[in-house]
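Undergrad: Before I ask anything, here is the structure I am working with.
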Amino acid sequence: MRREPLIWTSELAYGVGLFVADGHLSIDGRHLDFTSKDLQLVETFRGIFGLSCKITKKTRSHEQEKRYFHVGFSDVRLYRFLLELNIPQQKSLHIRELALPKRHFFDFLRGLVDGDGNICIYRHPESEREQFKIRIFSASHQFILWVKKKIAEADIGGGIIISGKGVWVLAYSKRYALPLLK
């Protein structure tokens, strides 16, 4: 059980971003889990929150092969902390605006991109110039709108929202992705 209070740091905000991307709050009010295909992300998450629990592998619903790394743990204080940030138990479709300190939004965003986003580098088909995009994915349209609004508050323009199959994508192309990377 966590004895020390949770104090906002860049690392904690990054960990919250990872959790929003790939974490889950159980309905019992005390259990949390974090699952990712990326072992390093699970190890990083475990380190940020000082967890000593074992990393296991698991499957997703209809799959047979255990391809996902997972930590499950009980931490009532962290659970309540995440609820106070407006992270709902069934967050995928229901997450909206979060109550994050303004100064740690971009640390949170780094975690979100590492968990539920990507940075794509590719060559433009006509000009052959290197291009890149930053993309963030979410099943919640309201959450994607909120992320775009928070980025715009930092005077970073651009950002298009694309509707996909059950997912929303917030994408920033090269011109707007460069300041976002900084």
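Any read-out appearing in this document is the output of simple, stated calculations on the displayed coordinates, not a laboratory observation. Not measured: the values here are computed from a predicted model. For neighbour counting, all protein chains shown are included, and Cβ atoms are generated from backbone atoms with ideal geometry for every residue, glycine included.
Undergrad: Run through every distinct alpha carbon pair of the range 3-58 and return the Kirkwood hydrodynamic radius in angstroms, one decimal place.
TA: Answer for the range 3-58: a Kirkwood hydrodynamic radius of 12.1 Å.
Undergrad: Output the peptides 55-62, 5-12 sorted from most to least packed, where packing is the average of other Cβ atoms within 10 Å over each peptide's residues.
TA: Those peptides, ordered most packed to least, come out 5-12, 55-62.
Undergrad: Taking the Cα of Lys174, stepping 7 Å toward and past its beta carbon, and measuring to each backbone N in the range 119-145: which are under 20 Å?
TA: 119-136
Undergrad: Report the Cα centroid-to-centroid distance between the range 54-73 and the range 122-153 in angstrom, as an integer.
TA: Their Cα centres are 29 Å away from one another.
Undergrad: Using just the alpha carbons, could you tell me how many Å³ per residue the convex hull of the range 42-84 encloses? All intermediate terms of the calculation are to be shown ahead of the outcome.
TA: Details: hull volume 3.7 nm³, N = 43.
So the per-residue Cα hull volume is 87 Å³.
Undergrad: Please give every one of the lysines within straight-line cross-link reach of Lys148, meaning a C-alpha to C-alpha distance under 22 Å, and leave out same-chain neighbours fewer than 8 residues apart.
TA: Lys91, Lys102, Lys133, Lys165, Lys174, Lys182
Undergrad: Based on the Cα atoms of the chain, what semi-axes does the equivalent ellipsoid have, where each is the square root of 5 times one gyration tensor eigenvalue, given in whole Å with the largest first?
TA: After scaling each eigenvalue by five and taking roots: 29, 20, 15 Å.
Undergrad: Report the per residue volume, in Å³, of the convex hull enclosing the C-alpha atoms of the range 28-129.
TA: On the way: hull volume 18.7 nm³, N = 102.
Spread over its residues, the Cα hull of the range 28-129 gives 184 Å³ apiece.
Undergrad: Sort largest first and round to whole Å: the equivalent ellipsoid semi-axes of the range 78-182, each the square root of five times a Cα gyration tensor eigenvalue.
TA: 27, 16, 11
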